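Visitor: Structure incoming, see below.
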Amino acid sequence: MTSSFNKVVRSSFFVRSTFAFLLISAILFSLGGCAQIKSLFNKEDNEEQEIRLSAQTLAGKGMDEYSNAKYYKARKYFDQILDYYPFSSEAMLAQLKAADSNYYMENYQEALMLYHEFEERHPTNEAIPYVMYHIAMCHYQQIDRIDRDTSGAENAIREFSKLLRAFPNSPYSNEARARIRAANEFLVNHEYFVVEFYLRTEKYEEAETRLQYLTNTYPDATITPKARQLLKRLEAGDPPGFNLSAWFKDTLLPDWNIFTSGTDQSKLQNVKPQQ
């Protein structure tokens with residue numbers, strides 16, 4: 001009986017010892033695992049802190065790339081400032097130069113969004129005339145062919161006009177006036193193009209109506225004298241016929257420089273398109 005009792009005691013001790021060993025092992029493994037996980041996260045945090053540059057450094061790198069016309073790289077630095085340091089003193093510069101970078105990469109919609117955000121957030125900033133000018137230019141640069149959408153010209157005229165009303169003596173005023181005239185010429189040329197379509201399809205009454213609208217709405221446009229001559233022929237029942245192509249030339253967006261002050265008005269004829 002004593003032998004049996006001893007066996008039971010040894011068996012019980014073995015079970016308790018094994019359980020204790022497993023429990024201690026589990027605790028040690030858990031602690032070690034936590035330490036490893038904590039070490040892993042700390043390592044990632046440390047690496048992120050090492051990789052993430054200060055706002056001032058990012059601004060410097062961004063401006064270096066921007067100055068060398070590397071707008072894609074520049075925008076990435078400016079975007080990092082806006083993402084990581086939105087309330088820093090460099091954020092205002094980053095927003096403006098990110099807009100400029102998009103503008104020069106011809107990402108006009110993205111540039112417009114950033115320019116408008118800057119205008120809304122900093123309405124009294126000294127850069128507002130510059131921002132308004134570039135908002136207008138984003139639309140101006142999207143002026144398409146005369147047989148397509150005219151909203152680029154219409155929006156450009158509206159935005160340049162806003163700039164002139166708000167800052168009539170800004171460094172951009174003369175250019176704004178000239179580009180407004182060029183955009184207006186584009187709209188006139190669009191109307192004239194529609195007249196050509198009506199004539200080619202022998203819709204003479206519609207062509208007359210369009211020419212009357214053109215001459216009344218844009219009396220000082222470059223093409224208006226020619227439009228009046230064509231209108232007289234239509235009213236007299238003498239449409240151009242096979243010589244129609246002679247009436248429709250150089251009807252694209254003209255070079256805005258032609259409309260700056262002091263330009264010889266004779267150069268307005270047969271102008272070449274330029275943006």
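Table: residues versus (1) touching a Gly at 6+ places or on another chain (Cβ under 9 Å); (2) touching a residue at least 24 places away in the same chain (Cβ under 8 Å); (3) outside any helix (DSSP H, G or I).
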{"residue": "61", "(1), (2), (3)": "no, no, no"}
{"residue": "72", "(1), (2), (3)": "no, yes, no"}
{"residue": "81", "(1), (2), (3)": "yes, yes, no"}
{"residue": "133", "(1), (2), (3)": "no, yes, no"}
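Visitor: Just for the stretch 164-201: of the residues that are among the β-branched types (Val, Ile, Thr) and surrounded by fewer than 20 Cβ atoms within 10 Å (Cβ to Cβ), which one is farthest from residue 141 (Cα to Cα)? Break it down into steps so the answer makes sense when it comes.
Guide: Of the residues in the stretch 164-201, the ones among the β-branched types (Val, Ile, Thr) are 180, 188, 194-195, 201.
Checking the rest, the ones that are also surrounded by fewer than 20 Cβ atoms within 10 Å (Cβ to Cβ) come to 194, 201.
Working: 194: 23, 201: 32 Å.
The residue in question is 201.
Visitor: I've got another one for you. Can you tell me which of (1) within 19 Å of residue 164 (Cβ to Cβ); (2) exposed (fewer than 15 other Cβ atoms within 10 Å of the Cβ); (3) assigned by TED's automatic domain parsing to the domain that holds residue 157 is the one residue 140 doesn't meet?
Guide: Going through (1) within 19 Å of residue 164 (Cβ to Cβ); (2) exposed (fewer than 15 other Cβ atoms within 10 Å of the Cβ); (3) assigned by TED's automatic domain parsing to the domain that holds residue 157 one by one, residue 140 breaks only (2).
Visitor: Same structure, new question: Just to be sure before I move on: is residue 113 within 17 Å of the chain's Cα centre (by Cα), closer than 26 Å to residue 182 by Cβ and surrounded by fewer than 16 Cβ atoms within 10 Å (Cβ to Cβ) in the structure I sent? First the steps, then the outcome.
Guide: Working: within 17 Å of the chain's Cα centre (by Cα): yes; closer than 26 Å to residue 182 by Cβ: yes; surrounded by fewer than 16 Cβ atoms within 10 Å (Cβ to Cβ): yes.
Answer is yes for this residue.
Per-residue answers, yes or no, for (1) assigned to a loop (DSSP other than H, G, I, E, B); (2) among the polar types (S, T, N, Q); (3) touching a residue at least 40 places away in the same chain (Cβ under 8 Å):
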| site | (1), (2), (3) |
| --- | --- |
| 87 | yes, no, no |
| 110 | no, no, no |
| 164 | no, no, no |
| 171 | yes, no, yes |
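The values are calculated or read from the model by the stated rules, or taken from the named source; none is laboratory data. Given the structure is predicted, the values throughout are model-derived calculations rather than measurements. Quick reminder, even Gly has a Cβ in these numbers, built from the backbone with ideal geometry, and neighbours come from all protein chains shown.
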